[in-house]
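Participant: Starting off with a structure, shown below.
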Amino acid sequence: MIIIPSGTTPPDLYALSIIAENRTGVLRDIATIMAAHDANILMIQQSIIGSGPREGKAYLYFEFGECGDPGKLVADLLQIPSVHDVTTYPPFSRIFGSRVIVIGGGAQVAQVAMGAVNEADRHNIRGERISVDTIPLVGEHDLALAVDAVARLPRASILVLAGSLMGGEVSKAVDRVRDAGIPVIALKMAGSVPQHADLVVTDPIQAGVFAVMHVSDRAIFDINRVRGREF
């Protein structure tokens, strides 16, 4: 267990994990303690541990801000009878940062990822945190489900659709992702997806570069200034 010492200047964002009993009311008890400490919960993930000595126990991960004394919060959480362990971490935003999501066919995804990773390396070596997540998929249904899920991914900042043919339900999913505030870059391809994307790019490597430059705090590229264009 790691406890942030009292009296130190806290960061703007905190993260902790909790191992607890899997039973009714545990989340309520934890949330009550966090509310008493004015912890503004920004993200929560929970699951049941599937193997090992803690198999069957509940695992909960929180990111939160506006907490006056995180050390006292941890101590109070450990007083809950059903809580076994509390561990603090740097939040994901300080480790993995903004996420570039690339979905589509394997060959095109690989080329977009190449451009994105190379450009992200250029920015991250100067102190930024930009990560690249990819998944090769085929089939309209699976693609539409994956695109819709991007809006639910923590820290997802931009989506690149890399394929040779996408439309139908995928285009509708693109509209929903954009409505959620996540811009979409599409490769030049057959189908209706390019008509729904914010930007269409012919070269997959360049599409990856554009995606990273948009989410970077230091780059001057802004997809909002070229929305609807094709390169």
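Participant: Reachable lysines from Lys72, Cα under 27 Å, same-chain residues fewer than 8 places away excluded?
Facilitator: Output for Lys72: Lys57.
Participant: So what are the ³J(HN,Hα) numbers for segment 170-181, from phi and the Karplus equation (6.51, -1.76, 1.60; θ = phi - 60°), rounded to whole Hz, Gly and Pro as x?
Facilitator: Working through the residues one at a time gives 5, 4, 5, 5, 4, 4, 5, 5, 5, 5, 7, x Hz.
Participant: What are the extents of the Cα atoms of segment 181-231 along their three principal axes, in Å, largest first?
Facilitator: For segment 181-231, the Cα spread along each principal axis is 34, 23, 15 Å.
Participant: Under a Cβ-only charge scheme (Lys and Arg +1, Asp and Glu -1), can you give me the dipole magnitude of the chain about the Cα centre, in debye to the nearest 20? Walk me through the numbers on the way to the answer.
Facilitator: Numbers: 20 positive and 25 negative charges, 50 e Å.
Charge dipole of the chain: 240 debye, to the nearest 20.
Participant: Along Cα→Cβ, 7 Å out, is where each label goes; now give me the distance between the ones at Val138 and Phe221 in nm to one decimal.
Facilitator: Placing both labels 7 Å beyond Cα along the Cβ direction yields 3.0 nm.
Participant: Which one, Ala120, Ile158, Ala58, is farthest towards the positive end of the dipole of the chain when Lys and Arg carry +1 and Asp and Glu -1 on their Cβ?
Facilitator: Ala120
Participant: Let me check I've understood the local charge: for Pro183, count other residues with C-beta under 14 angstrom from its C-beta, Lys and Arg +1, Asp and Glu -1. What total comes out? The partial results should precede the final answer.
Facilitator: Values: positive: Arg99, Arg176, Arg178, Arg225, Arg227, Arg229; negative: Asp175, Asp179, Asp198, Asp222.
Residues close to Pro183 contribute a combined charge of +2.
Participant: Can you divide the C-alpha Rg of segment 13-92 by 2.2 N^0.38 Å and report the result to two decimal places? Walk me through the numbers before you get to the answer.
Facilitator: Details: Rg = 11.9 Å, N = 80, 2.2 N^0.38 = 11.6 Å.
Scaled against compact globular proteins, the figure is 1.03.
Participant: Out of Val147, Gly106, Gln79, whose Cα points farthest toward the positive end of the dipole of the chain (charges: +1 Lys, Arg; -1 Asp, Glu; placed on Cβ)?
Facilitator: My answer, from the dipole projection, is Gly106.
Participant: A further question on this structure: Report, to the nearest 10°, how far helix 140-150 tilts away from the longest principal axis of the Cα atoms in the chain, using its own Cα long axis and a range of 0 to 90°.
Facilitator: Tilt relative to the chain: about 50 degrees.
Participant: A further question follows. If I take R0 = 41 Å and measure r between the Cβ atoms of Ala31 and Ala180 in this structure, what FRET efficiency does the formula 1/(1 + (r/R0)^6) give, to the nearest 0.05? Spell out each step's value before the answer.
Facilitator: Working: r = 25 Å, r/R0 = 0.62.
With a Förster radius of 41 Å, E is 0.95.
Participant: Further question: Provide the percentage of antiparallel DSSP beta bridges, counting only those with both residues in the chain; round to the nearest 5.
Facilitator: Here the antiparallel bridges make up roughly 50 percent for the chain.
Participant: Related question: Which of the trypsin sites (Lys or Arg not before Pro) found in segment 135-191 are in a DSSP loop and have at most 12 neighbouring Cβ atoms, other than their own, within 10 Å?
Facilitator: Details: sites: Arg152, Arg155, Lys172, Arg176, Arg178, Lys188; in loops: Arg152, Arg155, Lys188.
Counting only loop positions with at most 12 other Cβ atoms within 10 Å, the trypsin sites (Lys or Arg not before Pro) in segment 135-191 are Arg152.
Participant: Going toward the positive end of the dipole of the chain, with +1 on Lys and Arg Cβ and -1 on Asp and Glu Cβ, which of Gln45, Thr32, Val201 do you reach last?
Facilitator: Val201
Participant: With no solvent and one equal point scatterer per Cα, compute the Debye intensity ratio I(q)/I(0) for segment 81-231 at 0.12, 0.14, 0.21 Å⁻¹ and report its log10, rounded to two decimals.
Facilitator: Per q value, in the given order, log10 I(q)/I(0) is -0.47, -0.61, -1.30.
FYI, it's all coordinate maths here, none of it is from the lab. The shown structure was predicted, so the numbers you read here are calculated from the model rather than taken from an experiment. Note: ideal-geometry Cβ built from the backbone for every residue, glycine included; neighbour counts use all protein chains shown.
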